[in-house]
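Below is one structure, written out as structure tokens, with a few remarks after it.
The values are calculated or read from the model by the stated rules, or taken from the named source; none is laboratory data. What you are looking at is a predicted structure, and each value in this text was computed from that prediction instead of being measured. Cβ coordinates were reconstructed from backbone atoms using ideal geometry, including for glycine residues, and neighbour counts include every protein chain displayed.
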Amino acid sequence: MRLDLPIKKLLLNQVDWTLFLFILPILGGGLFVMKSFTGGDMNFLTTFFGKQVIWIIISIIVFLACSISDFRILKRTKVLVFLFFLFTILLSFLYIAGSKIKGAQSWFDLGSFSFQPVDFMKIILVLVLAKYFSRRHIEIAHFKHIFISGLYTLIPFTLVMFQPDFGSAIIFFFIWVGMILVSGVSKKHLFLIFALATIAVVCLWIFVFAPYQKARIMTFIHPLTDVRGSGYNAYQSVIAVGSGGLLGKGVGYGTQSRLQYLPEYETDFVFAAFAEEWGFVGVFIILFAFGAIFWRILTLSLVGASNFEMLFGMGMAILIASHVFVNIGMNIGLLPVTGVTLPFMSYGGSHLLAEFTGLGILMSMHRFARSAHPDDMKNEFLGI
């Protein structure tokens, strides 16, 4: 019992239970969608609902275990280099032994379950960039830091781009840009890079791309222009979201999903399936919960023991926000369909484990939080 008491105290003090409570309705929303399409005579362990329940339990256990662990070892450069190198090797090995699912060779098939290493690589990239920027806080305005941090990001970006996993490549890009913006890197230099990139894209569009190549790019960017072809999924998703109305059609009455007009209702389009059954009220609850999660993560990051913890917290917020933005954007037809999951809601074990592991690390770092005025820490963090 004596050994249990410190653990209980750590869990009570370490875990931000407010953040955890706001995750629950999002988890529940995904489970409701999966349960509504589960037949009563089916084996619990073979359904999306049953498997997701198991993954949620495992992920929460991992979250609590990480919360009471000491992750100050992640401040060591050698440890982060090892983790970055290890998952770079895993991403490279996918080209040899990976399984192709939905057109992307990004999974290791381990029999009863599959593992997608890119989800953990996103957490590791946040850690690596947090370490890099925190060590160069005084000289952060130098142009070279945009270039060097871009090289760190370019490695996993390139590996997943050719799988091809465009969704994860976009998330890596958002993580890099987001962490540059909050780290204090010169915005003038960043603007210069984007200006040059824009000019390069315009020149390619005018002088290099053939008409059929332009048509393919436009269809990818605006899938609703080809509703009978590549834009079919996005079109059905928009219909599902719009048909939900104010209160939704009710659990189990989502016609778009039940009649199989809406594909991948449990993963890519879980938001659309949920919106059809729960309506605007349900969507508002989910978006409010996500907003509260961002608020709690940012609050925790502002009391980090050092710039490393603060940057990691900001990076986690950027990572989750990027997934939410891209997934919901493609569900309502504003962004291309890229296969990006909705955090805590989409079916799958890899992304759940990665998300809860990242938040568990953040909880662990909170144990060594410093007490200072939030405005002072914000000014230091942003280099004002």
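Checking the stretch 271-293 against the condition returns no match, with no residue being at pLDDT below 90, part of a loop (DSSP other than H, G, I, E, B) and buried (at least 20 other Cβ atoms within 10 Å of the Cβ).
So if I check each of Phe133, Phe85, which one is within 18 Å of Leu159 (Cβ to Cβ) and aromatic (Phe, Trp, Tyr)? Quick ask: steps written out before the conclusion?
Details: Phe133 fails: within 18 Å of Leu159 (Cβ to Cβ).
The conditions single out Phe85.
May I ask you to verify whether Tyr253 is outside any helix (DSSP H, G or I) and either at pLDDT 90 or above or surrounded by 24 or more Cβ atoms within 10 Å (Cβ to Cβ) (or both)? For Tyr253, the condition - outside any helix (DSSP H, G or I) and either at pLDDT 90 or above or surrounded by 24 or more Cβ atoms within 10 Å (Cβ to Cβ) (or both) - is not met. Residues that are among the acidic types (Asp, Glu), at pLDDT below 80 and within 18 Å of Val326 (Cβ to Cβ): does the stretch 219-241 have at least one? No, the stretch 219-241 has no match at all. A single member of Phe280, Phe344 is of a type in the set (Phe, Trp, Tyr) and touching a helix residue (DSSP H, G or I) at 6+ places or on another chain (Cβ under 6 Å), and it is Phe344.
Filtering the stretch 88-105 to residues that are in contact with a Pro (Cβ under 8 Å, 6 or more places away or on another chain) and within 28 Å of Leu74 (Cα to Cα) leaves Thr88, Leu90, Leu91, Leu94. Summed over the stretch 62-79, the residues that are touching a Ser or Thr at 6+ places or on another chain (Cβ under 7 Å) and outside any helix (DSSP H, G or I) give a count of 3.
Check whether at least one residue in the stretch 113-129 is under 21 Å from Phe308 (Cα atoms) and either among the basic types (Lys, Arg) or at pLDDT below 90 (or both), and report yes or no. Looking for residues that are under 21 Å from Phe308 (Cα atoms) and either among the basic types (Lys, Arg) or at pLDDT below 90 (or both), one finds at least one in the stretch 113-129, hence yes. Does the stretch 36-94 hold any residues that are closer than 30 Å to Ala275 by Cβ, at pLDDT below 90 and among the aromatic types (Phe, Trp, Tyr), and which are they? Listed by number, the residues that qualify are Phe37, Phe44, Phe48, Phe49. Considering only the stretch 328-363, how many residues are modelled with pLDDT of 90 or more, of a type in the set (A, V, I, L, M, F, W, C) and assigned to a loop (DSSP other than H, G, I, E, B)? So the answer is 3.
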